[in-house]
1. Ignoring ligands, DNA and RNA, what percent of the 1.4 Å accessible area of the stretch 485-549 is carbon and sulfur?
2. Per residue, how large is the accessible surface of the stretch 217-548? Use a 1.4 angstrom probe and give square angstrom.
3. Per residue of the stretch 97-105, in order, report the coupling 6.51 cos²θ - 1.76 cosθ + 1.60 (Karplus, θ = phi - 60°) as ³J(HN,Hα) in whole Hz, putting x for Gly and Pro.
4. Sum up the charges of everything whose Cβ sits under 13 Å from the Cβ of Glu505, counting Lys and Arg as +1 and Asp and Glu as -1, but leave Glu505 out.
5. Determine the gain in length on full extension of the stretch Lys119-Thr453; use 0.36 nm per residue of separation and subtract their C-alpha separation, reporting nm with one decimal.
6. Return the FRET efficiency for the residue pair Asp241, Phe112: r is the Cβ-Cβ distance, R0 is 51 Å, and the value is rounded to the nearest 0.05.
7. So how strong a dipole does the stretch 217-548 carry about its Cα centre when Lys and Arg Cβ are +1 and Asp and Glu Cβ are -1, to the nearest 20 debye?
8. Using a Förster distance of 51 angstrom, determine the FRET efficiency expected from the C-beta separation of Asn227 and Glu159, and round it to 0.05.
Amino acid sequence: MATLRTKREAVVLVKEMTPENLEATVRRSSRNGFAPKRLQYSPEHETPKKKRKTKAVAENGSQNKQPKDEEDAENSDVEHAPEGYGRLSAYELERLENIRQNQAFLSSINLFQATEEFKQLTRPKPSQRGLTRAHAAVKEVVPPRKSLRLQKKEAEILELPPEPRGTLIYEQSSPAKKPSGPLPMDPVNVEEGSKLPPQLLELCSEDVKVDKKIQLDLKGYRSSLKNMTVNEDKVAKVVKDRIFSATFHPCTSSLLLAAGDKWGKVGLWKLGGDWGDDGVLLFEPHTRPVGCMAFSKSHPTQLLSLSYDGSLRCMDVEKAVFDDVYDIEDGLKTFDFMSHDCSTLVVGNWYGEVAIVDRRTPGNSHESLHTLDPKTLRCVNVHPLQKQYFVVAESKVVSIYDSRNLKKTKSQAVSQLHGHSLSISSAYFSPCTGNRVLTSCMDNNIRIYDTSTLTTKSPLLTTIRHDMQTGRWLTKLSAAWDPKLEDCFVVGSMMKPRRVQVFHESGQLQHSFMDSENLSTVLSVTAFHPTRNALLGGNASGRLHVFSD
């Protein structure tokens with residue numbers, strides 16, 4: 001404790017001390033190294049101010065009475081307190097005065113009385129029912145826990161239940177599956193009994209002329225991407241829940257989009273339309289996630305949608321029904337067209353099987369079923385020119401098969417794409433020639449392979465590092481080609497600010513679509529329009545964002 005060292009002695013007046021304060025102060029002083037020989041409280045301490053002042057003046061008025069050692073007196077840091085106080089420093093005496101003043105202030109505002117009244121109010125009343133706080137504090141004595149090893153007992157052997165087979169456990173509270181057969185195409189977001197707007201059939205029946213693929217240099221392509229923007233009118237809630245799949249209709253006069261959500265709903269949205277809810281019509285053909293959908297290139301009035309509930313249906317706008325194309329118990333995952341007229345399909349399920357389905361055959365069964373991967377299968381895609389070839393994203397390898405040489409089990413792959421260390425989300429042939437395959441993997445890499453010769457092991461051309469960890473509440477990211485070009489693709493991003501990115505096959509970033517006002521969520525599902533400069537992105541709340549020029 002620092003002591004006060006001055007040439008002049010500090011004069012401190014001790015006023016109206018009480019026995020309790022004095023005893024507490026001396027105890028603290030003893031702990032700090034001060035040990036008074038004798039501690040007594042004397043009534044002399046209550047001497048009036050005038051009397052103490054006279055005594056002090058009398059002592060100071062005598063000029064002849066000085067200490068023998070004048071230097072020691074000037075450097076003395078200990079006050080000679082009145083009789084009964086012991087030897088206290090100037091600091092301690094000043095501290096006593098502060099305590100007295102603080103107590104006088106607290107007494108003046110009746111703080112001590114208010115504290116006692118508050119304690120009386122918080123005490124439980126005798127008439128209170130149940131356990132009081134005192135009874136509740138009594139706890140049962142629990143013996144300490146000991147492990148089986150410390151108790152010298154053998155560990156219990158637990159057996160795991162058998163792995164389920166044939167039934168995909170997705171949601172225990174999922175609704176019942178829709179009955180087989182055609183379903184009426186009745187929108188659920190309009191008045192009951194309302195018919196489809198005639199403008200929808202006119203738009204879907206539009207004669208679409210698919211020109212040859214546009215050949216642009218990268219500079220011109222980047223310029224067209226920069227002209228594509230999003231605004232408030234280009235964002236709409238098309239389905240109620242998380243979007244699992246989305247696509248553009250090939251019409252060019254207007255932008256018509258389709259999206260499928262987590263609980264089997266399919267929404268159609270005409271940008272700037274006046275039917276339904278701001279141009280949105282909502283249907284319920286399925287009961288589980290709509291994992292894949294595509295418009296028929298030969299019949300633009302037909303939209304095929306596949307669901308985890310095991311149903312593959314065709315929405316026919318001309319007939320105003322959802323026809324039943326293919327149906328199993330559950331577990332369908334993906335499909336693609338195997339013929340130019342879109343009559344033959346290859347369908348993949350969660351159990352590593354692919355089915356060849358011919359829509360011209362009556363019924364809703366397959367022509368053949370083939371087991372490829374014993375674990376799972378997440379994506380199938382058909383070669384754009386040689387339709388007999390299709391690529392399959394299996395558990396940790398991508399394989400290319402020839403549909404003409406498929407066997408019931410253990411089919412031999414034409415080519416395999418190695419290098420993936422975790423599960424593969426998607427695999428797609430390049431849209432013009434099929435000379436490239438684009439894969440998305442959960443090891444945070446996007447890869448491009450050379451499939452121009454279909455050798456046994458297709459060489460890896462490019463690897464792009466990209467964050468794929470979306471978590472369980474977002475749809476997995478999947479890179480998808482721009483159908484107008486051969487060498488550029490789009491993918492959603494987990495980066496902030498939120499964005500959608502377009503890359504060249506060399507790994508060079510071409511453009512990032514960002515908008516601070518209209519884009520604030522992760523767009524997991526992305527797709528380009530087949531002919532126009534337009535891009536869609538779907539998020540986990542059922543909203544579609546459109547970037548267009």
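The values are calculated or read from the model by the stated rules, or taken from the named source; none is laboratory data. These numbers come from a predicted model, not from an experiment. Here the Cβ positions follow ideal geometry from the backbone for every residue, glycine too, while neighbour counts run over all protein chains shown. Quick note on the areas: whole protein, heavy atoms, side chains included, nothing else; ligands and nucleic acids left out. Shrake-Rupley method; radii C 1.70, N 1.55, O 1.52, S 1.80 Å.
1. Answer for the stretch 485-549: carbon and sulfur cover 47 percent of the accessible area.
2. Counting only protein heavy atoms, the per-residue value for the stretch 217-548 is 37 Å².
3. Couplings: 5, 5, 4, 5, 5, 5, 5, 5, 5 Hz.
4. Values: positive: Arg436, Arg447; negative: Asp450, Asp482, Glu486, Asp487.
Its environment carries a net charge of -2.
5. Result for the pair: 111.3 nm of gain on full extension.
6. Working: r = 63 Å, r/R0 = 1.23.
Here the calculated transfer efficiency is 0.20.
7. 760 debye
8. Given R0 = 51 Å and the Cβ-Cβ separation, E is 0.20.
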